[in-house]
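What follows is one structure encoded as structure tokens, with my remarks underneath.
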Amino acid sequence: MVSLAPFVLKRPWLTKALMPLANWYTGAAGYRQLGLRYDDLLEEEREATQIALKRLSPKEQYERIYRIRRSTQLSYQHKILPRDQWTKPHEDIRYLKPILDQVEAELAEKDALDSMTVIKKH
């Protein structure tokens, strides 16, 4: 997946111009209205995500499961949380991303080492 984020972040004028659109899009996504964080939405079926989730602290694991279960219940009831319980932008930090990046690097290194071929010299 190609990301334009590094290109945009290197240009302050472009960052300033696109921030209102980015903030609107994040609000329109609706996950904060259910009390979720961005990393709660990552697909759990990936191997790297499974490993990263196991590396979370027990407290963070509990809080993540609570947020997901609460949002599922709200979804079943076709409701959203009261506005004062929405996830605030300063609370929506990427708690899983640093661990996930580390796991992906480890898996890439493992794949590189596993596919290495040894050539004998005669």
Aspartates and glutamates within cross-link reach of residue 54: Cα-Cα under 19 Å, excluding same-chain residues under 8 positions apart? 39, 40, 43, 44, 45, 63, 101, 104, 106
Area accessible to solvent at residue 88, 1.4 Å probe radius, in Å²: 70 Å²
Apply the Karplus parameterisation 6.51 cos²θ - 1.76 cosθ + 1.60, with θ equal to phi minus 60°, to every residue of segment 25-35 and state each ³J(HN,Hα) to the nearest whole Hz, in sequence, with x for glycine and proline. 4, 4, x, 6, 4, x, 5, 5, 5, 9, x
Short version: ³J(HN,Hα) in whole Hz for each residue of segment 86-103, in order, from phi by Karplus 6.51 cos²θ - 1.76 cosθ + 1.60 (θ = phi - 60°), x for Gly and Pro, what are they? 4, 5, 7, x, 6, 8, 7, 9, 7, 7, 9, 4, x, 5, 5, 4, 5, 5
In whole percent, what relative contact order does the chain give with Cα contacts below 8 Å and a gap of six or more residues? 34 percent
Cα-based equivalent ellipsoid of the chain: semi-axis lengths in Å, sorted from largest, via gyration tensor: 35, 23, 11
How large is ³J(HN,Hα) for each residue in segment 2-10, as worked out from phi by the Karplus curve 6.51 cos²θ - 1.76 cosθ + 1.60 (θ = phi - 60°), to whole Hz, x for Gly and Pro? 8, 10, 8, 4, x, 4, 5, 5, 6
Among the lysines in segment 70-122, how many pairs, 8 or more places apart or on different chains, have alpha carbons under 27 Å apart? 5
Net dipole in debye of segment 31-84 [+1 Lys, Arg Cβ; -1 Asp, Glu Cβ; about Cα centre; nearest 20]: 260 debye
Loop-resident trypsin sites (Lys or Arg not before Pro) in segment 77-122 with no more than 10 other Cβ atoms inside 10 Å, DSSP not H/G/I/E/B, are 120, 121
Neighbour-limited loop hits for GluC sites (Glu not before Pro), segment 77-112 (at most 16 other Cβ within 10 Å; DSSP other than H, G, I, E, B): 91
Calculated [θ] (222 nm, deg cm²/dmol) that DSSP helices of n ≥ 4 give over the chain, each run adding -39,500 (n - 2.57): -18000 deg cm²/dmol
In Å², rounded to a whole number, the accessible area per residue of the chain with probe 1.4 Å is 80 Å²
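The values are calculated or read from the model by the stated rules, or taken from the named source; none is laboratory data. Keep in mind that this is a model prediction, so the values were computed, not measured. Counting neighbours? That spans all protein chains shown, and the Cβs are built from the backbone with ideal geometry, glycine included. Surface areas here come from the heavy atoms of the whole protein model, side chains and all, with no ligands, DNA or RNA. Shrake-Rupley method; radii C 1.70, N 1.55, O 1.52, S 1.80 Å.
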